[in-house]
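Heads up: the structure comes next, in structure tokens.
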Amino acid sequence: MPVPEGSTPEPTNRAPRRTLVVVAIVALVAVVLGIAWYYFAGTRNATDTAAQSQAPTPAGAGSRRGGADASRPTPVATAAVRAGDFDVYLNALGTVTARGTVTVHSRVDGQLMRVLFNEGQVVKAGQLLAEIDPRPFEVQLEQMNGQLARDQALLVNARLDLDRYKTLLAQDSIASQQVDTQASLVRQYEGAVASDKGQVDNAKLQLSFTKIVAPIAGRLGLRQVDSGNMIHATDTNGIVVITQVQPIDVVFPIPETNLPRVQRRLREGDPPTVDAYDRNQTRKLATGKLITIDNQIDTTTGTIKLKAALGNDDNVLFPNQFVNVKTLLDTLHGATIVPTAAILRGAPGTFVYLVKPDNTVTVRTVKLGPIEGENAVVESGLAPGDVVVVDGTDRLREGGKIEPINRNAQAATDTTTPRQRPAGASKGGGKGKDGK
């Protein structure tokens, strides 16, 4: 087909150009893959080299590689096993309970005229707390006294008539029936007078109830009603709540397995001492004695409740407060005592690292007794005077050499020997007067 004049003919080499483009793309991909492989391979080799350099050196190979000598003694802290008295405590979480709790109610209905206490005040038994309007009760008392006076006058007149009738009967002037009727009237008036006296006493009693007093000694709570309100004997909240807090009680559970030992102490007339501590068990709040044991064991927990009486002289304990309770159950005399930091547990069981005279250590299996705080009783495996490792045990092994540091001796040196200062040094570690 002829090409029109002025037009450009199409190129005839499209296939070779496409081939060149494909080859260039493949080459570029190959170069990128090569760079990536080189980078990751180099990083992995560097990581392996660093891991090999940080790997622990086997025992005995330190001298060949120029590292630390494996036979070098390991510095550890030691302490001596001692013999002494060891107090055995029972630890529990207790609840403080008031010795007595009374909600003060009015015993009569009336208007509250005065409140004579402050919230939180400590009161004595019989102390006046509030007053109710006494006027209605005073009027009632006057009425009862008037009724009593009237009946007493009638009784006196009836007795006089009876005496006259008896005289006339002796003269045979009247019939005996009239005398008997008068005698019966006298007895009726005597009964009326006795009833009136009871009414008077009741009115006096109701009048006395207008003065509300504290039934027990203790600490007052928040006021439940204000002056001017009408109060009733059937009110639920009452006027105020009194709790007896000196002494105060604490109730706490112990495992039933310890019950026989507690019962033995109570039978012997030597109740255990009970101490109450705060939540952190750092401050003793009060001290007292065990007073009683509950009458049944809780089957869900296998525990039984005990109650102790605490002095609470500083008023630091409040009803329903939670405290940590420590009961002194027994005292072991001449017990073998070891620091709890030396006790380890592992495949051999319970063991310690015992220091030999040649400053090497050996694993010694022990049988533990009671543990309290930083000390524990060893029933077998150690004897007083033995030296055990209390710090640095994670670097030890059987037969390893150590450099012992006696913690007890170091502490005694630090507390008894003052540290010497260089000559000319100021007390505060600063410069002298002349600035040198």
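Every number here is computed from the coordinates shown, using simple stated rules; none is lab data. Remember, it's a predicted structure, so these values are computed and weren't measured experimentally. A quick note on method: Cβ atoms are made from the backbone with ideal geometry, for glycine too, and the neighbour counts reach across all protein chains shown.
List the residues whose amide H sits under 5 Å from the amide H of Gly100, counting only those 5 or more places along or on another chain, with H placed 1.01 Å from N in the peptide plane.
Long-range HN contacts for Gly100: Gln244.
To the nearest 0.05, how large is the calculated FRET efficiency for Val156 and Arg107 if R₀ is 30 Å and r is the Cβ-Cβ distance?
With a Förster radius of 30 Å, E is 0.25.
Near Val366, within a Cβ-to-Cβ distance under 11 Å, what is the net charge of the other residues, with Lys and Arg +1 and Asp and Glu -1?
The answer is +1.
Calculate one ³J(HN,Hα) per residue across region 275-289 by plugging θ = phi - 60° into the Karplus curve 6.51 cos²θ - 1.76 cosθ + 1.60, and present them in order as whole Hz with x for glycine and proline.
Each residue's phi maps through the Karplus curve to give 10, 10, 10, 6, 4, 8, 6, 10, 10, 7, 8, 6, 10, x, 10 Hz.
From the backbone phi of region 366-376, what are the Karplus-calculated ³J(HN,Hα) couplings (6.51 cos²θ - 1.76 cosθ + 1.60, θ = phi - 60°) in whole Hz, Gly and Pro given as x?
So the J values, rounded to whole Hz, are 10, 10, 8, x, x, 10, 9, x, 8, 10, 9.
Short version: ³J(HN,Hα) in whole Hz for each residue of region 227-238, in order, from phi by Karplus 6.51 cos²θ - 1.76 cosθ + 1.60 (θ = phi - 60°), x for Gly and Pro, what are they?
For region 227-238, the Karplus-derived couplings read 4, x, 7, 7, 10, 9, 5, 8, 4, 6, 6, x Hz, x marking Gly and Pro.
Calculated FRET efficiency, Phe318 and Thr282, Cβ-Cβ r, R0 22 Å, to nearest 0.05?
Efficiency at R0 = 22 Å is approximately 0.70.
Please report, in Å, the Rg and the Dmax of region 333-415, where both are computed over Cα atoms only.
12.8, 39
According to a simple spin-label model (label point 7 Å from Cα along Cα-to-Cβ), what is the distance in nm between Ser380 and Asp85?
About 2.8 nm, to one decimal.
Once label points are set 7 Å from the Cα along Cα→Cβ at both Arg114 and Asn202, what is their separation, rounded to one decimal in nm?
So the label points at Arg114 and Asn202 sit 2.9 nm apart.
Where Lys and Arg each count +1 and Asp and Glu each count -1, what net charge lies around Gly311 among other residues with Cβ under 14 Å from its Cβ?
Result for the neighbourhood of Gly311: -1.
Taking amide H positions as placed in the peptide plane 1.01 Å from N, state which residues far from Ala130 in sequence (5 or more) or on other chains have amide H under 5 Å from it.
Those qualifying (amide H under 5 Å, at least 5 residues apart or on another chain) are Leu116, Ile212.
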